[in-house]
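One structure is given below, encoded as C-alpha cells.
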Amino acid sequence: MTDECVFCMIANGEIPATAVYEDETVFAFDDIAPQAPVHVLIVPRAHYADISDEVPDDVLVALMRAVPKVAAAKGVAASGYRVIANTGEDAGQTVHHLHVHVIGGRPLGEGMVRPMEGE
C-alpha cells in the first residue's frame, strides 16, 4: 500500500465504498464517473502501479476470476460486458494502481467505450 493511493485506501477500508465483490485479494466497487449503466472497478488489495508492474500470477488470476462474478452481481453476465485495463497515461490511466473496468448495461458497439447519453 502507498500512503496516497486512493485505490489502496478504498480496497483496505480507509475510504468507504460499497463492495460489489470482494475476497482476500481483490475489491470491486462502482466507478464514481461511470461510462455506462454498469461500470465497476476491480482492484487488488496490494499496490501495483499497472499491469506491467511485477504483478504475481495469483493476483492476476484473482482479478480475472472476479470479472464474471462482478458481471453476474450487476446483471450483465448474460447480455455482455467489456473488460478494460488501462496502462499508462496515454491509455487513460488516471489512478496508478492496477485495476480492471467491467463495463456494460447497454450496447457498447465495436471499438472504444462511448459516453452515456447526455454527457
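The values are calculated or read from the model by the stated rules, or taken from the named source; none is laboratory data. Everything numeric here is computed off the predicted structure, so don't read it as measured data. Please note: Cβ atoms are built from the backbone with ideal geometry, for glycine as well, and neighbour counts cover all protein chains shown.
Of the residues making up the range 78-97, those that are hydrophobic (A, V, I, L, M, F, W, C) and closer than 15 Å to Leu63 by Cα are Val83, Ile84, Ala85.
Which condition breaks for Ala71 when tested against (1) modelled with pLDDT of 95 or more; (2) in contact with a Cys (Cβ under 9 Å, 6 or more places away or on another chain)? Unmet condition: (2). Condition check for Glu14 on (1) in a loop (DSSP other than H, G, I, E, B); (2) out of contact with any Asp or Glu (no Cβ under 8 Å at 6 or more places or on another chain); (3) farther than 23 Å from Glu110 by Cα; (4) in contact (Cβ under 8 Å) with a residue 24 or more places away in the chain: one failure, at (4). Leu108 fulfils the conditions (1) in contact with a Lys or Arg (Cβ under 6 Å, 6 or more places away or on another chain); (2) at pLDDT 95 or above except for a single criterion, (2). Going through (1) over 22 Å from Glu4 (Cα atoms); (2) surrounded by 20 or more Cβ atoms within 10 Å (Cβ to Cβ); (3) under 14 Å from the mean Cα position of the chain (by Cα) one by one, Pro34 falls short only on (2).
Give me the strands (runs of 3 or more DSSP E) completely within the range 24-119, filtered to those with at least 1 residues that are touching a residue at least 60 places away in the same chain (Cβ under 8 Å) and closer than 21 Å to Gly13 by Cα, ordered by residue number.
On the way: elements: 26-30, 38-44, 81-84, 100-104.
Counting at least 1 such residues, we get 26-30, 38-44, 100-104.
If the condition is being in contact with a Lys or Arg (Cβ under 7 Å, 6 or more places away or on another chain), within 24 Å of Leu108 (Cβ to Cβ) and among the β-branched types (Val, Ile, Thr), then the range 19-66 contributes Val20, Val26, Val38, Val40.
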